[in-house]
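The values are calculated or read from the model by the stated rules, or taken from the named source; none is laboratory data. Remember, predicted model here, so these are calculated numbers, not experimental data. For neighbour counting, all protein chains shown are included, and Cβ atoms are generated from backbone atoms with ideal geometry for every residue, glycine included.
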Amino acid sequence: MESFTSLREIQDNLKSGAITCSQVVASCLKIIDQESNLNAFLEVYSKEAIEKASLVDHKISAGTAGRLAGLVVGLKDMLCYQDHTLQAGSKILEGFESQFTGTAVQRLLDEDVIIIGRQNCDEFGMGSSNENSAYGPVHNGIDPQKVSGGSSGGSAVAVQRGMCHASLGSDTGGSVRQPAAFTGIIGLKPTYSRISRYGLVAYASSFDSIGILTKNIEDNALILEVIAGLDEYDSTVSRTPVTSYSSFDRHSPAKIGFIKDSLENEGVQKEVRDRTQLQLEHLKELGHQVEAVDFPLMDYILPTYYLLTTAEASSNLSRYDGVKYGYRSNEQDSLEAFYKHTRSEGFGKEVQKRIMLGTFVLSASYYDAYYTKAQKVRKLIKEKTSELFDQFDFLVMPTSPTTAFELGRFSDSPLEMYWSDLFTVQASVSGNPAISIPNGTDKNGLPIGFQIIAADFNEKGLYALSNDILKGRDN
Ligand code: GLN
């Protein structure tokens, strides 16, 4: 079957009877099977998906199908889907099944998407390469020797290769945007509190956000429109009205700031720098005003992010003690020994390291020196970022300093791995919405991502500008 570029195209074909939903699902399942070596899926819901497709076909004939009928979606292994296994890429949740469906997933189901499977990811969303999954790394579809990016690596590769049309991932510090950049697709992290977190496994709750991975802007916007907004199960969701994101127009001439350090920084790969420079020229050609801007707090963003997220993670992950969920150790000497063994055997190395770091950050003697201080710096970063939006409509920079790297490259140097989050963590610390769109490739054909950040709740602006850039390129 020919491959389609957007949901609109799929729906036109479904409506005219040129294809059926069952055929669409069959073609996704075939690709999943052919590309199983990439390790993008931990579980494929073949039987269910086929059954749902035939149901959607009936609904289409009856004229009762939902807005997303025909869309095949994959879920990062961080999202609850009732009666389906959920492991957060971890051994500690072995055998665990969700007892309810999260809000975002439910809203998709209500509009007749077909959920095709559960996607591999870094354990509890902690990682930038998908090498921290207890179920093996995900390989990049362009070059299987290269990482997919992380932590939503399986979700990105699945969309990249056409195993599904869209994935829901989670983005705490870049986990949707960075793998989207590494695989050449689109990844949105909306404003913090735009989408309910009910049914999303918690990593660092004041940063966590469900994100959307697609091949085109229109589908991304439509999905956001369906899943965003108030939810009685998550009181932190914003009351800001959900606008019709998918009805974006061309963006009127905008004032765009590019963070100088993101181009001057010597850790940025030359091709990434050159492509970003070209994109800035392109933005000018499109009629936008582009200006360099300093962000003096740049050096503090990554440490602030890692101090606060590990602190929150140490608290969030304390619930995995072998009593309530999944894996339990055979150790029976004492309750304390049982906890210790369960957690040492169930959690992977990176997660253990972060729990320990976070516990240290929150310990009575160091709380003020690290946690309180990092909170103050976060406030400053938020304020300074928000001040920039008094001057600019958008901030832009590369999504990641490099393209996808070799598997295993940073196994012995975790700090260098953290470096790949350099440009994505700003919008996570500040809570602003940000998107990664494709921006050409390096000499090995590996995709480069271009990141656009907007003022809070201006996702529609992000979509409009992204669409102009991508359309402009096609013409
Ligand atoms: N790579 C970052 C981390 O390891 C981001 C992860 C994420 O966004 N979930 O924390």
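Couple of notes before you dig in:
- Taking the criterion of being within 16 Å of the ligand (Cβ to nearest atom) and not hydroxyl-bearing (Ser, Thr, Tyr), the residues of segment 109-128 that qualify are GLN119, ASN120, CYS121, ASP122, GLU123, PHE124, GLY125, MET126, GLY127.
- Tabulated pairs, segment 337-354, first in a helix (DSSP H, G or I), second of a type in the set (Phe, Trp, Tyr) and more than 15 Å from the ligand (Cβ to nearest atom), C-beta under 8 angstrom, 6+ apart or interchain: THR342/TYR320; THR342/TYR327; ARG343/TYR320; GLU345/TYR327; GLY346/TYR320; GLY346/TYR327
- Subset of segment 269-313 [surrounded by fewer than 19 Cβ atoms within 10 Å (Cβ to Cβ) and in contact with a Gly (Cβ under 7 Å, 6 or more places away or on another chain)]: HIS282, LEU286, GLU291, VAL293
- Meets criteria (crowded, with 24+ Cβ neighbours inside 10 Å and more than 15 Å from the chain's Cα centre (by Cα)) for ALA404: yes
- For segment 216-227, the criterion of being among the small types (Gly, Ala, Ser) and part of a loop (DSSP other than H, G, I, E, B) is satisfied by no residue at all.
- Pairs linking a residue in segment 143-165 that is touching a residue at least 40 places away in the same chain (Cβ under 8 Å) and within 13 Å of GLU131 (Cβ to Cβ) to a residue that is within 11 Å of the ligand (Cβ to nearest atom) and of a type in the set (A, V, I, L, M, F, W, C), with Cβ atoms under 6 Å and 6 or more positions apart or on different chains, are SER151/CYS121; GLY154/CYS121.
- Residue that is under 23 Å from ALA313 (Cβ atoms), buried (at least 22 other Cβ atoms within 10 Å of the Cβ) and within 16 Å of the ligand (Cβ to nearest atom), where the choices are SER420, SER436, SER413: SER420
- Among (1) closer than 24 Å to GLY149 by Cα; (2) in contact with a strand residue (DSSP E or B) (Cβ under 7 Å, 6 or more places away or on another chain), the one test that ALA49 misses: (1)
- Any hit, segment 336-347, residues being small (Gly, Ala, Ser) and surrounded by fewer than 17 Cβ atoms within 10 Å (Cβ to Cβ): yes
- Qualifying strands (runs of 3 or more DSSP E) (wholly inside segment 372-475; at least 2 residues being without any contact (Cβ under 8 Å) to a residue 40 or more places away in the chain and of a type outside the set (Phe, Trp, Tyr)): none
Here is a yes/no grid of residues against (1) among the basic types (Lys, Arg); (2) touching a residue at least 24 places away in the same chain (Cβ under 8 Å); (3) closer than 30 Å to ALA292 by Cβ:
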site	(1), (2), (3)
ALA221	no, yes, yes
LEU224	no, yes, no
ASP231	no, yes, no
ASP234	no, yes, no
ARG239	yes, no, no
SER252	no, no, yes
LYS255	yes, yes, yes
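- Residues located in segment 334-378, provided they are among the aromatic types (Phe, Trp, Tyr), away from the ligand (no atom under 16 Å from the Cβ) and closer than 30 Å to GLN87 by Cβ: PHE338, TYR339, PHE360, TYR371
- Candidates are the residues of segment 132-152 that are over 13 Å from the mean Cα position of the chain (by Cα), crowded, with 24+ Cβ neighbours inside 10 Å and farther than 20 Å from TYR45 by Cβ; the one that is nearest to the ligand (Cβ to nearest atom) is ASN132.
- The listed residue being within 30 Å of GLY445 (Cα to Cα) and modelled with pLDDT under 95, out of LEU407, LEU415, LEU395: LEU415
- Per the conditions (1) out of contact with any strand residue (DSSP E or B) (no Cβ under 8 Å at 6 or more places or on another chain); (2) more than 19 Å from SER400 (Cα to Cα); (3) polar (S, T, N, Q), the sole criterion not satisfied by SER167 is (1).
- Residue within segment 228-236 that is away from the ligand (no atom under 16 Å from the Cβ) and within 17 Å of the chain's Cα centre (by Cα) present: yes
- Segment 193-204: number of residues that are within 12 Å of the ligand (Cβ to nearest atom) and part of a loop (DSSP other than H, G, I, E, B): 4
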